[in-house]
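The values are calculated or read from the model by the stated rules, or taken from the named source; none is laboratory data. Everything numeric in this text was worked out from a predicted model, so none of it was measured. Neighbour counts are summed over all protein chains in view; Cβ atoms, including those assigned to glycine, are modelled from backbone coordinates with ideal geometry. Please note that ligands, DNA and RNA were not included when accessible areas were found on the heavy atoms of the full protein model with its side chains. Shrake-Rupley method; radii C 1.70, N 1.55, O 1.52, S 1.80 Å.
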Amino acid sequence: MGKRSVPRYPEDEDKGGCCGCLCWCCCFLLLIVAALAGTAAYFFFVYKPKAPSYSVSNMSVSQFDFSSSDLTLYVKITASVRAENPNNKVTIKYGEGSHTVVSYRGTPLCSGKLPAFFQGYKNVTVMDISMEGRHGFGSGLQQALEESEKAGDIPLDIFVSVPVELQLGSLDLRQVKVNVHCALVLDSISPKKKPNIKSATYQANVEF
């Protein structure tokens, strides 16, 4: 009897074709990743981007009143914020939708927003941010604020969140959100006295 031949099935050839396609796809993806990595390396090498810095240079209090009739604290504070762009070739566009909050030991006192503006190369911009607020209070909050005022140590937290877009000439990069936390200690928060900033620490992060 002769030997029986083993039939070849079409799916065996299809598997080889699928493997080839998969290999080409992997190579294509690797090329894309390599191109993106090269572009990023070129960008950082040529433009040497640096993170902008922020600080609070001045604080003024125009209203800080406890109303016993409705148990509400009315606050109006203006903060002078200094924004510095240290880059030689990167400009910064600050968009709409920013938000600022001033709080005392976790209790929000007032809020406001930054203006939308364009910041050029090697530029320092100082902006006055007006913030207002009303907050219900109890005897505990009033007593704590009075004790802090008497001691000359009023801890305040300023939180800033602003959408930012970096620009290389006419090229707009993706927009990110910059969050800044400033922990201040003032010697007074009374409208009758100009407050001095005794200490300040800053933390910032970026949301992509």
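Figures for the structure shown
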item	result
Karplus-derived 3J(HN,Hα), 6.51/-1.76/1.60, for each residue of the range 101-112, Hz, glycine and proline x	9, 10, 10, 10, 6, x, 9, x, 9, 7, 8, x
Accessible area per residue in Å² at 1.4 Å probe, computed on the range 50-207	53 Å²
Net charge of neighbours whose Cβ lies under 11 Å from the Cβ of Phe208, counting Lys and Arg as +1 and Asp and Glu as -1	+1
Relative compactness, the range 96-208, computed as alpha-carbon Rg over 2.2 N^0.38 Å	1.28
The range 50-207 - percent of accessible surface contributed by carbon and sulfur, probe 1.4 Å	51 percent
